[in-house]
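Okay, structure first, notes after.
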Amino acid sequence: MSIEIPGLPEDMPGAELKYVGKDVKRIEDPGLVAGTVEFIDNLDLPNMAHCAMLRSPHPHARITGYDTSAAEALPGVVAVITGEDVKRWANPVTTAPEGWGSYCLAVDKVRFVGEPVVAVAAESRYIAEDALELVNVEYELLPVAATAEEAIKEGAPRLFEENESNVILSKTYDWGDVDQVFADADHVVSETFFWNRVGANPMETFGCVSTWDTVNNSLTIHGSFQTPGFMALGRAFSLNLPTNKVKVVSHPHGGSFGGKGGPRGSEISSLLSRKAGGRAVKYIEDRVEYLLAGAGQSWDRYYDASLALKADGTVTGFKVKLLDDQGAGAEGYGTISIAKPIAAFTGCYRIEAARYDLNVVATNRAPTYPYRGYGPPPHNYVLESLMDIAAQKLGLDVAEIRRRNYIPPEAFPYTIPSGNEYDSGQYEVTLDAALELADYEALREEQARAREEGRLLGIGVCSVVEPGVFDWNAYTTVGIQGVGVPEGAKVSVDIMGQITVTVGFSLEGQGQYTLAAQLVADFFGVDMAGVRVAYAATDVAPPHFGPGGSRLGVSITGAVLGACRKIEEKFKLVTARLMQCEPAALELADGFVRIKGVPGAEMHIAQVAGTMLARSDLLPPGMEQSPEATYVWTAPGRTEPDEQGRCKSYLTAANACHVVMVEIDPGTGRTDILKYCVADDCGTRLNPATVEGQLMGGIAQGIGAALFEEYVYTDDGQPKVSTFAEYLVPTIHEVPKTDKAVIVTPSPFTPLGAKGCGEGAIHTTPAVIMCAINDALLPLGVQARATPASPNRVWDLLQQAK
Amino acid sequence: MTTKQTVKVTVNGIAYERQVEPRLTLVDFLRHELHLGGTHVGCEHGVCGTCNILVDGKAVRSCLMLAVQVDGESLTTVEGLRNRDTGDLHPIQQAFVDEHGLQCGFCTPGFLMTTLELLRDNPNPSEADIKDALGGNLCRCTGYEAIMKSVRLAAKRVQEGQDIGLTHTD
Amino acid sequence: MKPAPFDYYSPDTLEEAVALLAKLENEDLDAKILAGGQSLMPMLSLRLARPDALVDLRKIGALDYIREDGDTIAIGAMTSKSAAEDSDVIRTRQPLFHEATLLVGHRQIRNRGTVGGSFAHAEPTAEYGAAAMVLGMDMKVVGPNGERIVPAKDFYVTYLTADIDSTEILTEVRLPVLKKGTGWSFQEMSRRQGDHALAGAAVTLRLVGGVCKDVCIAVFGVNASPTRLAEAEAFITGKAATEDNAREAGRVGADGLEEPMSDVHATAQYRRGLIATLVARCLVEAASRAS
Ligand SMILES: Cc1cc2nc3c(=O)[nH]c(=O)nc-3n(C[C@H](O)[C@H](O)[C@H](O)COP(=O)(O)OP(=O)(O)OC[C@H]3O[C@@H](n4cnc5c(N)ncnc54)[C@H](O)[C@@H]3O)c2cc1C
Ligand code: FES
Ligand code: FES
């Protein structure tokens, strides 16, 4: 059955939209502000035990012995597991590429500080932690590969001894005639960049409660899971269970931004439950565990990149050589973050040819995981910084060089050299809106005056494409195929006309439950209060993925509208029979199925649903008694990748231009943001207030990455960040007020023309702040090429300039 | 394990008595002994403000106190904000809903309790006052702009006469 | 992240507390005083501190006061920092101490954290350390052998260590009020507002005939204990607090420092640089406030 999903809000049934496109209050919020929502640590199952983990103090060591007897003897201890149990009962996690995964508890050796080595379940977390102090583990220390540079050296200590080296992936993509373009260039600008590790740090850490039914050999895990179905599948593989015997129940969670899911924590608590004969075991990761080893570190990168330019500023080529530190293996799918930039490799610009030279390396640091943006934020920082360097070289204004290179509106849909297709955009309009908002010329005048007084003022202007609605084919380079990421929704109308939407993902903060309710309410023309959104666990949910890759808003819109369409069709068939008319003569509006143009000839949807459920005798012959429908949406038109990784992957290309002014205090190296302006185009805004929330959250995280946040390791692989006193999440003082302009270029390919916007500003903010800082430093002849531009780093540069 | 001690405490106007180990933190006591799960935990070392509650009317970190330390005290947690008879949201809660001052909502109880102390003592706070009060609360989702708006809206409603007085009588 | 087990006592009077500490010491038990818990609790939860017993001073109301005693202000050790912050006496008569208080953490930390706790904890990054040195504060310590008064210059022993014996309790801190005409300044650099300072400085001075007199400069956050910068004081004394002189004084002060601490946020060299900047800025500001 081919279902036509409305491509724009005006294609929705009914004359007037009451909710879609409006700043609708979220249905999630009353429970959240009341404090009654069941986050995972609020769940207490009967007779539940509590897990704590002993973690490796060494970055690289062989485990030569365990003594857990004293811990086992401690009153209140229920079960203890070590690598020995894990070896018997579990498998290493699957990775992409294959062969870089670890067991949930270290087996034979540890590869990073914080790696779980022994786990205890006890009557309370307090006792479990007491027990850990009684465990003895003997180690034989191994030499350490502390950085990517060291790890690729000849003779470097190997993390996975079964693999030939620490190189997870080494590959070069050539898109177009790169060498020729560089040979023909009037100018080439090159620079090296360093992006230090940052991470998600949702305010709620990971948590789960596992119950292993040892009679039926099946497993239920309640937890804070971003992608429940994907997690369930992975646990089935690692824990040797049939895929239909692992059930994941995702609870509302306190943010995720990529990494929420804790494969290790889920497996360890599950194995403890198994060892404890089926008692439920709760594991709540604490913040120190999260910071040391949680699923939240991302992007540890060294870049060497160049642009080829024509004399008039036209950019013709872009070369990127990336050395990427994945940490201790690929267990967290951190590898994907080197693949995702391919979906928007050349940014907003019409660049003929590009090269991506990848070296992805394992080191004795914590493994990397997804984080909001999943790779492009550092890439954009490199590209945008090079655009500024090119502008300086040619004596062009930074806004002007961008303007000269934009993909023009008439060129869409536009295929970039790395193969993805951008759906739509008006980059110059966005630029102009941002410049106007900022009063760019006045800013430059202010800067000139300030410079005369010796003040360090800088302005950044960055234009970025924010890819949205991912498909797994974007990640082929790291060994994942796949075309299609299903997202399903079931819509049911009950006998009283009340509507329930059932989805496979839980609350995380983006407001998709509200969106689902908005859509259904407007589709049927009923009050939003009559729509409920329910969560279904993995055993009963429709196919789903959940939030990720800026896709859920668009995907759930497709799924919900698809299901609504199916119900509309059924309702029309039923009504047509009852009213003795053609289905085509009917329309759906204001909660009624009506004969077009015949006032009063109508049935309320409650009557139609009621008839369907209660009066089989009145239904068209053969019709199911089912006023409900499930629709599973996936991005249309995705293609299989070619040998250069080129394919249609991300469905939407949102676009933003940020203009920022910063001031550096020469005495302390501290950067203050004086002005922040954003023009943002993510297509149709289905709930503008929540879109704005995503934008602001992304800016705050981007400010963190540019100025504050960093996972620091010593030269010998010891992490120096283990509390929130070291990992600095921006507070209300550090995030400035922003001025915003909204541009709407609907996507021609998506439901209602919306584009992915969840990751949003983190694609752009780090780049623009770094560009602004470097603009401020320009008169001094030094430039900041490592993130974050912490006061200490900037101060060091200021000393160099003296 | 050390000897358990008695804690008698009033939370949101309700008296509780429990035997606890001295080392039990106040936030664990509230969440897991009293089953008042609205107070959340983000760091357990005093930095994030997620666990903020009022102890004798003052906003404090409940992760940095022991349960035994509140013996004889009176506490207010997020569960005490709503009107117990009508179930209506407290004006500060309502303002956060109205201005989209939350996304995942995990940090929100901490912000609400901190805001309650602020507006009780200073119903007409400047932007700087709000930042000073909320500077010790981390939110990873909102970027704070909508939180700022929420607090301003709540302040406006307080100035217009809405009552934010603690909902329980000590 | 849960504390290891300990016993808990909450004596009602200072005498009981002192006796209890002596008794526990006799039994060879490691007892720790619990005041506001804003430093001790994280250490307990991280199991960095694992005392056998905690002696909580919370019931000793007699240690919670702010008293004016002529030209001295006496603050009871268990007075919360927010009470100190809200005190009109402190704000009007010793604004430097008021400013230092505002820079300690956030309001919720100050609501619980005590004035005495900050002094007793002797953290290198504590604002109060520099305030104590520059104001010449006195600490009153009570133990089994009675009370003693420890001047600030002797109080700070080293990193996290003040001159308080394990059976003693800090009961009061005393600060002189600001003398008429004295200029003051208190400035720090921290990564985010409310964070522990990377470095900070406090200055008091008088201006006589346009030149600096009675200059006191103390810095914190750089060495194990707060430090007076005698060389910088000498340098600026008798000179006008011009930008140039102040900068040079800052440099002299920074150069004279022992090798500063180094951590994830700041290298030793950077800390030295910050001191140069902050001392210079404090001198200029203090001079502008002197009359
Ligand atoms: C997020 C955060 C930010 C902070 N920022 C700062 C900051 O910027 N600047 C700053 O200076 N501090 C800061 N602090 C620490 C805070 O100021 C503490 O309150 C203070 O250091 C200790 O005071 P307390 O009353 O909490 O003492 P406690 O934590 O109870 O005790 C600390 C130590 O002092 C001992 N002690 C306490 N009182 C006495 C006494 N009367 N006699 C003898 N020994 C005693 C205890 O045994 C313990 O060893 C911060 C804390 C947090 C959690
Ligand atoms: S949980 Fe208490 S401050 Fe973070
Ligand atoms: S709303 Fe998620 S942390 Fe604040």
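The values are calculated or read from the model by the stated rules, or taken from the named source; none is laboratory data. All values derive from a computational prediction rather than experimental measurement. So basically every Cβ, Gly included, is an ideal-geometry build from the backbone, and we count neighbours across all protein chains shown. Note: accessible area is taken over every heavy atom of the protein model, side chains too, but ligands, DNA and RNA are not part of it. Shrake-Rupley method; radii C 1.70, N 1.55, O 1.52, S 1.80 Å.
For the range A:90-115, the set of residues classified as under 13 Å from A:ALA330 (Cα atoms) and of a type in the set (A, V, I, L, M) consists of A:VAL93, A:ALA96, listed by residue number. Residue-level analysis places A:PHE571 outside the set of residues that are open to solvent by 50 Å² or more (accessible area, probe 1.4 Å), within 43 Å of the chain's Cα centre (by Cα) and either closer than 12 Å to A:PHE524 by Cα or of a type in the set (Val, Ile, Thr) (or both). Scanning the range A:281-303 for residues that are more than 21 Å from A:GLY223 (Cβ to Cβ), touching a Leu at 6+ places or on another chain (Cβ under 8 Å) and either of a type in the set (D, E, K, R) or not in a strand (DSSP E or B) (or both) turns up just one, A:ARG301.
Is it true that some residue in the range B:121-136 is open to solvent by less than 30 Å² (accessible area, probe 1.4 Å), more than 16 Å from ligand 3 (Cβ to nearest atom), of a type outside the set (Ser, Thr, Tyr) and over 30 Å from A:GLY296 (Cβ atoms)? Scanning the range B:121-136, I find at least one residue that is open to solvent by less than 30 Å² (accessible area, probe 1.4 Å), more than 16 Å from ligand 3 (Cβ to nearest atom), of a type outside the set (Ser, Thr, Tyr) and over 30 Å from A:GLY296 (Cβ atoms), so the answer is yes.
How many of the residues making up the range C:67-82 are open to solvent by less than 40 Å² (accessible area, probe 1.4 Å) and either at pLDDT below 95 or not aliphatic (A, V, I, L, M) (or both)? Result for the range C:67-82: 5. Here C:SER190, C:SER225 are screened, and the one residue that is polar (S, T, N, Q) and more than 13 Å from the chain's Cα centre (by Cα) is C:SER190.
Of the strands (runs of 3 or more DSSP E) lying entirely inside the range C:149-208, those containing at least 2 residues that are surrounded by 18 or more Cβ atoms within 10 Å (Cβ to Cβ) and more than 14 Å from chain A (Cβ to nearest Cβ) are C:169-176, C:183-189, C:199-208.
Scanning the range C:189-240 for residues that are under 18 Å from C:ASP255 (Cα atoms) and among the charged types (D, E, K, R) yields a total of 3. The condition of being among the hydrophobic types (A, V, I, L, M, F, W, C), open to solvent by less than 20 Å² (accessible area, probe 1.4 Å) and within 20 Å of C:VAL104 (Cβ to Cβ) holds for only one of C:LEU278, C:LEU283, C:LEU229, C:LEU257, that being C:LEU278.
Does A:LYS260 qualify as being away from ligand 1 (no atom under 16 Å from the Cβ) and either surrounded by fewer than 24 Cβ atoms within 10 Å (Cβ to Cβ) or without any contact (Cβ under 8 Å) to a residue 12 or more places away in the chain (or both)?
Here the answer is no, as A:LYS260 does not meet what is asked.
Selection over the range B:60-95 of residues that are facing another protein chain (nearest Cβ under 7 Å), away from ligand 2 (no atom under 16 Å from the Cβ) and either touching an Asp or Glu at 6+ places or on another chain (Cβ under 7 Å) or at pLDDT below 95 (or both) gives a count of 1. Just for the range A:737-749: of the residues that are within 10 Å of another protein chain (Cβ to nearest Cβ) and open to solvent by 20 Å² or more (accessible area, probe 1.4 Å), which one is farthest from A:ILE769 (Cα to Cα)? Applying the filter and picking the extreme gives A:LYS740. Pairs meeting the criteria (first residue in the range B:97-122 and assigned to a helix (DSSP H, G or I), second residue more than 16 Å from ligand 1 (Cβ to nearest atom) and among the hydroxyl-bearing types (Ser, Thr, Tyr), beta carbons under 6 Å, at least 6 apart or on different chains) are B:PRO109/B:THR39.
Conditions (1) within 27 Å of A:PRO46 (Cα to Cα); (2) touching a residue at least 24 places away in the same chain (Cβ under 8 Å); (3) within 14 Å of ligand 1 (Cβ to nearest atom), marked per residue:
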| residue | (1), (2), (3) |
| --- | --- |
| B:GLU21 | yes, no, no |
| B:LEU30 | yes, yes, no |
| B:GLU33 | yes, yes, no |
| B:LEU54 | no, yes, no |
| B:MET65 | no, yes, yes |
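Here C:GLY194 does not fit the description of being more than 16 Å from ligand 2 (Cβ to nearest atom), out of contact with any Asp or Glu (no Cβ under 8 Å at 6 or more places or on another chain) and at positive phi. Of all residue pairs spaced 6 or more apart or on separate chains, those with beta-carbon atoms under 9 Å, a first member in the range B:136-164 that is β-branched (Val, Ile, Thr) and a second member that is within 14 Å of ligand 3 (Cβ to nearest atom) and modelled with pLDDT under 95 are B:THR142/A:GLY509. Residue selection: B:GLY42 satisfies the criterion of being open to solvent by less than 10 Å² (accessible area, probe 1.4 Å) and within 16 Å of ligand 1 (Cβ to nearest atom).
Screening the candidates A:ASN364, A:ASN359 for the property of being outside the structural domain of A:LYS720 (by TED's automatic domain parsing) and open to solvent by 20 Å² or more (accessible area, probe 1.4 Å) yields one hit, A:ASN359. Among the candidates C:ASP64, C:ASP56, C:ASP52, the residue that is more than 16 Å from ligand 3 (Cβ to nearest atom), open to solvent by 60 Å² or more (accessible area, probe 1.4 Å), under 20 Å from B:GLU73 (Cα atoms) and of a type in the set (Asp, Glu) is uniquely C:ASP64. Of C:ALA290, C:ALA276, C:ALA201, C:ALA232, all but one fail to be of a type outside the set (Ser, Thr, Tyr), within 15 Å of ligand 1 (Cβ to nearest atom) and modelled with pLDDT of 95 or more; the exception is C:ALA201. Figure legend. Inter-residue proximity from the range A:43-72: first residues assigned to a helix (DSSP H, G or I), second residues open to solvent by 50 Å² or more (accessible area, probe 1.4 Å), beta-carbon distance below 7 Å, spacing 6+ or different chains. Indicated pairs: A:ALA70/A:LEU134; A:ALA71/A:LEU134.
Name the single residue that is nearest to the other protein chains (Cβ to nearest Cβ) among those in the range C:5-25 being closer than 12 Å to C:THR167 by Cβ, open to solvent by 50 Å² or more (accessible area, probe 1.4 Å) and out of contact with any Ser or Thr (no Cβ under 9 Å at 6 or more places or on another chain). Filtering first and then ranking leaves C:LYS23.
In the range A:548-569, of all residues being among the charged types (D, E, K, R) and touching a strand residue (DSSP E or B) at 6+ places or on another chain (Cβ under 7 Å), the one that is nearest to A:GLY509 (Cα to Cα) corresponds to A:ARG551.
Scanning the range B:15-27 for residues that are open to solvent by 10 Å² or more (accessible area, probe 1.4 Å), touching a helix residue (DSSP H, G or I) at 6+ places or on another chain (Cβ under 9 Å) and of a type outside the set (Lys, Arg) returns B:TYR16, B:GLU21, B:LEU24.
Taking the criterion of being within 14 Å of chain B (Cβ to nearest Cβ), touching an Asp or Glu at 6+ places or on another chain (Cβ under 9 Å) and either surrounded by 19 or more Cβ atoms within 10 Å (Cβ to Cβ) or under 21 Å from C:ALA126 (Cβ atoms) (or both), would at least one residue in the range C:83-98 satisfy it? Within the range C:83-98, one or more residues are within 14 Å of chain B (Cβ to nearest Cβ), touching an Asp or Glu at 6+ places or on another chain (Cβ under 9 Å) and either surrounded by 19 or more Cβ atoms within 10 Å (Cβ to Cβ) or under 21 Å from C:ALA126 (Cβ atoms) (or both).
Evaluation of A:ALA61 against the conditions (1) open to solvent by less than 10 Å² (accessible area, probe 1.4 Å); (2) away from chain B (no Cβ under 14 Å); (3) within 30 Å of the chain's Cα centre (by Cα) shows that the sole unmet condition is (3). On the given criteria, is A:ARG444 within 14 Å of A:ALA399 (Cα to Cα), open to solvent by 20 Å² or more (accessible area, probe 1.4 Å) and in a helix (DSSP H, G or I)? Yes: the conditions hold for A:ARG444.
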